[in-house]
Amino acid sequence: MSTNVTIQHGEEINNSTGVSAKKLLMWTFLGSDVMFFGTFIATFMAYRNKSLVGPYPEDTLNIPITSVSTFVLLMSSLGIVLALHYLKEARMGLAKFWLLMVIIMGIGFIGFQIYEFSHFANMGMTPQVNLFGSTFFTLTSLHGAHVSLGILWLIFLLINEYRGNLNSENAIDLEIAGLYWHFVDIVWIVIFALLYLITANDGVPPGGIPWIGGH
Amino acid sequence: MDWWALNYGGNMSLLKDLFFYQGNKWWKIPETTELSENPKNEHPFGGFLEKAKNILLILSSGKGHAGPVYYWIIAAILGIITLIEVWWFTVPELRYMLAPAMLIFSIIKFALVVAFFMHLRFDHKMFSTIFITCMVVGILFFSVFLLLSAFHGLGT
């Protein structure tokens, strides 16, 4: 089989697909991750309003705080495309600045999530207390784990950038990490709409016991 | 010669290009007869979409690839949609439409991030095919699971 050797973003393309193998691998992984998160979101929606004991979404979810964290994550997506753009143009100062900003925003998002989880725990909402708690914590903490992994990845890239190992020649490495980061962002877009905005007004379902407060 | 000079000779404003039909009349419906072929962009907006696409090309520095201005615009749109979502949530009169509205808004945000931030719009079709196929399969399973749970319950 004949192969064409080309260079895309500093990566030699010498396979029969004609596209970057790293990028192809990342898109395939993201495709599988869509189904992974889809399963947990479907489970959450299937069990929506099925908890017979509290606390219920209307007792716990804090939309203003989550809106801020959502905005922070959205803006981190802007940060990473800017970092990649400047890296490709070999404007290293701006590339480092935006990559650092993305890491800070990612840590900020995780900070919001830690605050939210501890607030819920103080109220008496834990994964084992009811169906809402189980499905909510499973999905949001899996997402949080993805964000945390992304932060570690970006810190590693930033260190490489400072050492001079990441530059316009191998910008594909940041592009791959960027794809992962954007994916984490789009998953949160769906989670914010379904788990928070649509669910936040759900109260006691038929047959449920009204919640009278935490521990 | 850069893209702008090549296409516009460097002297046509963005506004004119967006709203003029063939560069000389505002909002003009092209004159046609039954014998003539259908003219290109035959509608009152004079090829608004085609020209809007050109504006995007200009914003992306003529490279057919997004640039920083473009990214800031997409981010602003994402921020505004999020604000509208939160506002919608706070208005009790709009609550009956909450679920469909949130789904539509999140689909728009999702599409914007995937198409422009993830460069899927500008990238190789193979990536779109892989991602969209997985999305379709995921949504299919999602729908079947929800339908089954609605009709048969989940043993709660």
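The values are calculated or read from the model by the stated rules, or taken from the named source; none is laboratory data. Keep in mind the model is a prediction, meaning the values are calculated, not measured. Here the Cβ is made from the backbone with ideal geometry for all residues, glycine too, and neighbour counts use every protein chain on show.
Yes/no matrix, rows are residues, columns are (1) assigned by TED's automatic domain parsing to the domain that holds residue B:72; (2) in contact (Cβ under 8 Å) with a residue 24 or more places away in the chain; (3) of a type outside the set (Ser, Thr, Tyr):
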residue: B:92; (1), (2), (3): yes, no, yes
residue: B:96; (1), (2), (3): yes, no, no
residue: B:108; (1), (2), (3): yes, yes, yes
residue: B:112; (1), (2), (3): yes, yes, yes
residue: B:116; (1), (2), (3): yes, yes, yes
residue: B:144; (1), (2), (3): no, no, yes
Quick one: count up the residues across region A:71-108 that are over 14 Å from the mean Cα position of the chain (by Cα) and not hydrophobic (A, V, I, L, M, F, W, C). 8
Residue list for region A:51-84, filter: among the charged types (D, E, K, R) and surrounded by 17 or more Cβ atoms within 10 Å (Cβ to Cβ): A:59
Could you list all residues from region B:88-102 that are surrounded by 14 or more Cβ atoms within 10 Å (Cβ to Cβ) and aliphatic (A, V, I, L, M)? B:98, B:99, B:101, B:102
Please list, ordered by residue number, the helices (runs of 4 or more DSSP H) wholly in region B:47-155 having 1 or more residues that are at pLDDT 85 or above and closer than 25 Å to residue A:83 by Cβ. B:68-90, B:98-112, B:125-152
Sort through A:187, A:129 and tell me the only one that's away from chain B (no Cβ under 12 Å) and either surrounded by fewer than 20 Cβ atoms within 10 Å (Cβ to Cβ) or not aromatic (Phe, Trp, Tyr) (or both). A:129
Of B:104, B:132, the only residue that is among the hydrophobic types (A, V, I, L, M, F, W, C) and in the same structural domain as residue B:70 (by TED's automatic domain parsing) is B:104
Within region B:82-102, the residues that are more than 10 Å from chain A (Cβ to nearest Cβ) and among the acidic types (Asp, Glu) are B:93
Checking residue A:158 against (1) in contact (Cβ under 8 Å) with a residue 24 or more places away in the chain; (2) farther than 30 Å from residue A:125 by Cβ; (3) not in a helix (DSSP H, G or I), only one condition comes out false. Which one? (3)
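Does region A:136-159 contain any residue that is aromatic (Phe, Trp, Tyr), within 14 Å of chain B (Cβ to nearest Cβ) and more than 16 Å from residue A:99 (Cβ to Cβ)? Working first, answer last.
Within region A:136-159, the first condition is being aromatic (Phe, Trp, Tyr), and the residues that meet it are A:136-137, A:153, A:156.
Remaining after also requiring within 14 Å of chain B (Cβ to nearest Cβ): none.
Within region A:136-159 (the criterion being aromatic (Phe, Trp, Tyr), within 14 Å of chain B (Cβ to nearest Cβ) and more than 16 Å from residue A:99 (Cβ to Cβ)), the answer is no, since none of the residues qualifies.
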Determine whether residue A:111 is part of a helix (DSSP H, G or I), over 16 Å from the mean Cα position of the chain (by Cα) and without any contact (Cβ under 8 Å) to a residue 12 or more places away in the chain. no
